[in-house]
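To keep things clear, I will list the structure first and then write my remarks on it.
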Amino acid sequence: MLFKRELKRNFRAFAVTTLISSFLVIYIISMAPTFGTDIQQILDMKMPKELQNAIGMKGLDYSSASSFYAIAFSYVYLFLGIYVAGAFAAVVSKEFSDKTAEYLFSLPAKRSRIIITKLMVTGLYALGSVLIIYIASLVSFAAFIDQDYSRAAIALIALAWLMGSLFFGALAFFISSLTAQSKSASLVSIGVVVAMYLLQVIISMNGDIGFLKYISPFDWFKGSDIIRYESLDLKYCLVCLLMSALLIWGGIRRFVKMDVLV
């Protein structure tokens, strides 16, 4: 019953985010043959090189459709981060603000099981969103691109989106465990995602503060690097997974011990 309830509650945000992100990647891939190698000259005229570097467009070979696809990476990453953070922030705190926490925690099940079930639904939607965007990307490449392209790089980009967005979800879940107000938790969590994105832009434009990249998930995974090297940085993957696990564990522990704040 709880699983189905959570599926229904979270479907609208999932559908909107997935449709917007899928449309974005389809649009960008469909435009690749139109611009071709001329895109770099256009970008140089319209955008400073520092800004190109900041949004992950430095060093790309736009004669390759895969490189052109990397333009969409940071935008989809940001959309997914905001969506997943908002969804995870509302996992339990929304029950308090909607005055349903007392009923929820009176169900014949352990609090930890209830919370894990809600987290599983939210995580399933995050996975589903990335999977649909990935499929939309493959279909678009097959439909619009005649040249060879790296399917491995496209798969790695999808994996980076998933790991990065789930980290933001875990962080948002932990933040929400510190307050019973779902609106506050969601706003703070989304604000953190946007702040980290802006931090990544500032870091990319200022080499003197490059050491700060270790605290910005948008610097852990970059579309341009994934396309060029067809790999993910192992140390950042481990940091992402470890931090996500610790934040989820901390949030669950906090909620299990929390009084019903109604």
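One residue is enough: does the range 28-39 have a residue meeting the conditions at pLDDT 70 or above and touching a Ser or Thr at 6+ places or on another chain (Cβ under 8 Å)?
Within the range 28-39 (the criterion being at pLDDT 70 or above and touching a Ser or Thr at 6+ places or on another chain (Cβ under 8 Å)), the answer is yes, since at least one residue qualifies.
Would you be able to say whether some residue in the range 153-176 is modelled with pLDDT under 90, more than 15 Å from Phe221 (Cβ to Cβ) and part of a loop (DSSP other than H, G, I, E, B)?
No, the range 153-176 has no match at all.
If Trp249 passes every condition in (1) at pLDDT below 90; (2) open to solvent by 60 Å² or more (accessible area, probe 1.4 Å) but one, which one does it miss?
(1)
Would you call Ser189 in contact with a Gly (Cβ under 6 Å, 6 or more places away or on another chain) and either modelled with pLDDT under 90 or not hydrophobic (A, V, I, L, M, F, W, C) (or both)?
When the stated conditions are applied, Ser189 does not pass them.
Only one residue in Ser150, Ser182 is of a type in the set (Ser, Thr, Tyr) and modelled with pLDDT under 80, so which one is that?
Being of a type in the set (Ser, Thr, Tyr) and modelled with pLDDT under 80 holds for just one of Ser150, Ser182, which is Ser182.
Among the numbered criteria (1) buried (at least 21 other Cβ atoms within 10 Å of the Cβ); (2) at pLDDT below 90, which one does Ala85 miss?
(2)
Just to be sure before I move on: is Phe221 open to solvent by less than 50 Å² (accessible area, probe 1.4 Å) and within 21 Å of Ala90 (Cβ to Cβ) in the structure I sent?
It is false that Phe221 is open to solvent by less than 50 Å² (accessible area, probe 1.4 Å) and within 21 Å of Ala90 (Cβ to Cβ).
The values are calculated or read from the model by the stated rules, or taken from the named source; none is laboratory data. Computed from a predicted structure; not experimentally measured. When we count neighbours, we look across all protein chains shown, and the Cβ atoms used for this are built from the backbone with ideal geometry, even at glycine. What goes into the accessible areas is simple: the full protein's heavy atoms, side chains included, and nothing from ligands, DNA or RNA. Shrake-Rupley method; radii C 1.70, N 1.55, O 1.52, S 1.80 Å.
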